[in-house]
Ligand code: NAD
């Protein structure tokens, strides 16, 4: 069975190759999946895709027209797939529901710590012989209130880590998590969480309800000077509104691992090119903004688990016509 694997980097190939077994022919492509590149899947029964691949209706139609029957995502999030179109076309969609919530939660805490204690700035200063402390003032995490929006697998691990730092925990979720309640997390409405939290961490999926959750209207609800962290999906924050909030001080600091328009930027070395995204360029000018390029998932353990589950999904589909971890419209409706 031939599988075209889109958006691959050397590390993807290494881990997938190790997890792959007999009878699977993995055809790797560096190309991001789009209507222009979908033809690369010619002759494949399955394609394997990542977070910024385009799985909208026209792309799915093109793929099914070529005989593709399975989309195996190497991610937990599936906001880039038109599930209704996939179902109508009879193409199965699979994902990796959990690989390492620790990877993402630990990276979230790394951003919080670095941003708070200005490690990114201190690193450069010390290398240049500047040992002045002005501008590096942080705050104790102990006793501060951390509000976590989305207390699923990642949010729960983050809550445990934050609890270890002595933070008070507030949570907002459409389904409270008993594991978080056991840590002393109080569940409140979204607005109350925004009003009371010193640090707000966004760990929910991107859905119509969470798209631009941070916007011009919700910004004034946040505690003035809040530390805002997004390691979920870029579009949960309206970046233009965040810039306005940084300019007027509503947002005290901003940590991002994801960005709404990241598809044209992240995962590539663009250091020799002109940055054309003015919103992103503006974000980079703030001393109190720390951005990583969608790397929260990037640990050895997570890549091993992603590769194993992805291969497991494909093999199961080959044997039974159904992947191990299918995502369907029905599944989505039951979750919401
Ligand atoms: P999960 O499904 O275990 O948890 C998500 C939680 O969000 C659930 O408890 C759900 O009830 C809640 N939720 C859904 N809609 C909500 C809403 N409107 N308001 C509040 N809460 C809501 O998922 P997870 O494994 O914890 O991952 C969370 C998200 O993190 C993923 O959807 C993905 O977008 C993102 N993610 C990012 C990276 C990265 O590298 N930056 C890696 C993995 C996942």
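Each reported figure results from applying straightforward, stated rules to the coordinates on display, with no laboratory input. Every value quoted in this text rests on a predicted model; they were computed, and no experiment measured them.
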Helix axis angle, 153-164 relative to the chain longest principal axis, alpha carbon, degrees: 30
Tell me whether the stretch 263-304 comes out rounded, prolate or oblate; compute the Cα gyration tensor, take square roots of the eigenvalues as a ≥ b ≥ c, and use a/c under 1.5 as the rounded threshold. oblate
Run the Debye formula on the Cα coordinates of the chain, all scatterers equal and no solvent, and tell me log10 I(q)/I(0) at q = 0.08, 0.14 1/Å. -0.41, -1.15
Hydrodynamic radius of the stretch 1-53 per Kirkwood, over alpha carbon pairs, in Å: 11.2
Gyration tensor on Cα atoms of the stretch 31-95, a ≥ b ≥ c root eigenvalues, a/c under 1.5 rounded, else prolate if a/b beats b/c, else oblate, says rounded
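Write down, largest first, the equivalent ellipsoid semi-axes of the stretch 267-331 in whole Å, where each equals the square root of 5 times an eigenvalue of the alpha-carbon gyration tensor.
Equivalent-ellipsoid dimensions as semi-axes: 38, 15, 13 Å.
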Please report how far the C-alpha centroid of the stretch 206-276 lies from that of the stretch 1-39, rounded to the nearest whole angstrom. 31
Pairs of Cα atoms farther than 13 Å apart, the stretch 177-251, %: 67
Just to confirm the number: angle between the C-alpha axis of helix 101-117 and the first principal axis of the chain, 0 to 90 degrees, nearest 10? 30
When only Cα pairs under 8 Å and 6 or more residues apart are kept, what is the percent relative contact order across the stretch 32-99? 34
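For the stretch 1-130, what is one quarter of the convex hull surface built on the Cα atoms, given in nm²? Please list the in-between numbers first.
Numbers: hull surface 42.1 nm².
Average of the hull's projected areas for the stretch 1-130 equals 10.5 nm².
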Pairs of Cα atoms farther than 25 Å apart, the stretch 202-336, %: 41
Which three extents, in angstrom, do the Cα atoms of the stretch 113-233 have along their principal axes, listed largest first? 50, 33, 22
Per the rule of 0.36 nm per residue minus the C-alpha distance, extending residue 140 to residue 13 adds in nm 41.5 nm
For the chain, what's the relative contact order in percent, using C-alpha pairs closer than 8 Å and at least 6 residues apart? 17
